[in-house]
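**Q** Provided herewith is a single structure, encoded as structure tokens, for subsequent inquiry.
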Amino acid sequence: MPRIAVVLGSTRHGRFGDKPAGWVVSQLAARGDLDVELIDLRDHPLPLFDGAPPAYTGRDYPTEDIARFARRIDAADGFVLLTPEYNHGYPAVLKNAMDHTFVEWQRKPVAFVGWGNVGGARAIEQLRLVAVEFEMAPLRHAVHVLPEMLLAARDAPAESANSIFAPLQPKLVRLADDLAWWADALAVARTVAAAA
Ligand SMILES: Cc1cc2nc3c(=O)[nH]c(=O)nc-3n(C[C@H](O)[C@H](O)[C@H](O)COP(=O)(O)O)c2cc1C
């Protein structure tokens, strides 16, 4: 069963991101064909990156905090990046965490769930470009939480947020079906390449 890390890319005080994170993790886990883990960047408060390029240093980690984050990324076969949009881009905290690592993401698929005035579309498009540089396979199917739904879910108690997201369920199913396919396929390909 492919291991999917759902990475919550917002850490700010009072964030909305907990609600889509809870919904995405519960929906993916309920499928039964994915081993799902939430990686909350609040649990990995990394310093601003200022070291040697991880694309060259590989798994030689300068600190245990970076190693702990990197090991969780390494263990995954695929990712769902959950992203708000800050000033028409992705959150710096998400990019900073990624910049501390490299090989852990390589040759793995990544799908996106975003929220904001245009459903996080601008942040997601930029993250797709970032993913290419990490030698990942960024996927087409995404889920975009638009303002009306965002405000309704934001103002609702946590336990009723999932029902507010329900109209997006078919899009999440397509995202997950595609992610499962790519995660399986690339896991086999990585194994074959490692044995060659
Ligand atoms: C610094 C900052 C910049 C923002 N810029 C945008 C933006 O460019 N586009 C947008 O749709 N929403 C923008 N917003 C509104 C966010 O979509 C909204 O605050 C959302 O709740 C952020 O997700 P979070 O609460 O999980 O961090 C911005 C919010 C912040 C805090």
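The values are calculated or read from the model by the stated rules, or taken from the named source; none is laboratory data. This one's a predicted model, so the numbers in the text were calculated from it and none came from an experiment. For neighbour counting, all protein chains shown are included, and Cβ atoms are generated from backbone atoms with ideal geometry for every residue, glycine included.
**Q** Looking at segment 55-79 only, could you name the residues that are among the small types (Gly, Ala, Ser) and closer than 27 Å to residue 144 by Cβ?
**A** 76, 78
**Q** Let me ask something else about it. Inside segment 55-65, can you point out the residues that are surrounded by 13 or more Cβ atoms within 10 Å (Cβ to Cβ) and within 25 Å of residue 12 (Cβ to Cβ)?
**A** The answer is 65, and nothing else.
**Q** Sticking with this structure for a sec: When the residues of segment 114-127 are filtered to those that are buried (at least 18 other Cβ atoms within 10 Å of the Cβ) and under 24 Å from residue 47 (Cα atoms), which remaining residue is farthest from the ligand (Cβ to nearest atom)?
**A** 127
**Q** How about segment 107-132: which of its residues are in contact with a Gly (Cβ under 9 Å, 6 or more places away or on another chain), of a type in the set (A, V, I, L, M, F, W, C) and in a helix (DSSP H, G or I)?
**A** 121, 123, 124, 127, listed by residue number.
**Q** Given 70, 75, which one is in contact with an Asp or Glu (Cβ under 9 Å, 6 or more places away or on another chain) and loosely packed, with under 15 Cβ neighbours inside 10 Å?
**A** Going through 70, 75 in turn, just one is in contact with an Asp or Glu (Cβ under 9 Å, 6 or more places away or on another chain) and loosely packed, with under 15 Cβ neighbours inside 10 Å: 75.
**Q** Please name all residue pairs, on different chains or six or more residues apart, with Cβ atoms under 7 Å, provided the first residue is in segment 93-106 and is crowded, with 22+ Cβ neighbours inside 10 Å and the second residue is polar (S, T, N, Q).
**A** Hits for this filter: 94/83.
**Q** Right, next: Which ones in segment 17-47 are within 14 Å of the ligand (Cβ to nearest atom) and in a helix (DSSP H, G or I)?
**A** 18, 19, 20, 21, 22, 23, 24, 41, 42
**Q** Now for a separate question. For residue 14, which of the numbered conditions (1) at pLDDT 95 or above; (2) away from the ligand (no atom under 11 Å from the Cβ); (3) surrounded by fewer than 16 Cβ atoms within 10 Å (Cβ to Cβ) fails to hold?
**A** (2)
**Q** Is segment 48-61 home to any residue that is within 16 Å of the ligand (Cβ to nearest atom) and more than 17 Å from the chain's Cα centre (by Cα)?
**A** Scanning segment 48-61 turns up no residue that is within 16 Å of the ligand (Cβ to nearest atom) and more than 17 Å from the chain's Cα centre (by Cα).
**Q** Check segment 133-148 and report whether any residue there is part of a helix (DSSP H, G or I) and aliphatic (A, V, I, L, M).
**A** no
**Q** Could you pull out the residue among 111, 142, 176 that is without any contact (Cβ under 8 Å) to a residue 40 or more places away in the chain, crowded, with 21+ Cβ neighbours inside 10 Å and within 30 Å of residue 193 (Cα to Cα)?
**A** Unique residue meeting the criteria: 142.
**Q** Follow-up question, since we're still on this one. Can you find, within segment 80-109, the residue that is nearest to the ligand (Cβ to nearest atom) among those that are more than 22 Å from residue 150 (Cβ to Cβ) and among the aromatic types (Phe, Trp, Tyr)?
**A** Among residues in segment 80-109 that are more than 22 Å from residue 150 (Cβ to Cβ) and among the aromatic types (Phe, Trp, Tyr), the one nearest to the ligand (Cβ to nearest atom) is 105.
**Q** Looking at segment 145-173, which of the residues that are touching a residue at least 60 places away in the same chain (Cβ under 8 Å) and polar (S, T, N, Q) is nearest to residue 190 (Cα to Cα)?
**A** Looking at the filtered set, the residue picked out is 169.
**Q** For the structure I just gave you, tell me whether residue 104 is of a type in the set (D, E, K, R), in a helix (DSSP H, G or I) and closer than 21 Å to residue 10 by Cα.
**A** No; evaluated as a whole, the condition is false for this residue.
**Q** Now for a separate question. Quick one: would you say residue 41 is in contact (Cβ under 8 Å) with a residue 60 or more places away in the chain and under 19 Å from the mean Cα position of the chain (by Cα)?
**A** Spelling it out, it is not the case that residue 41 is in contact (Cβ under 8 Å) with a residue 60 or more places away in the chain and under 19 Å from the mean Cα position of the chain (by Cα).
**Q** Then there's this: Can you run down the residue pairs with Cβ atoms below 6 Å, 6 or more apart or on separate chains, where the first is in segment 9-29 and more than 12 Å from residue 169 (Cα to Cα) and the partner is more than 8 Å from the ligand (Cβ to nearest atom) and small (Gly, Ala, Ser)?
**A** Going by the 6 Å Cβ cut-off, the qualifying pairs are 19/153; 19/161.
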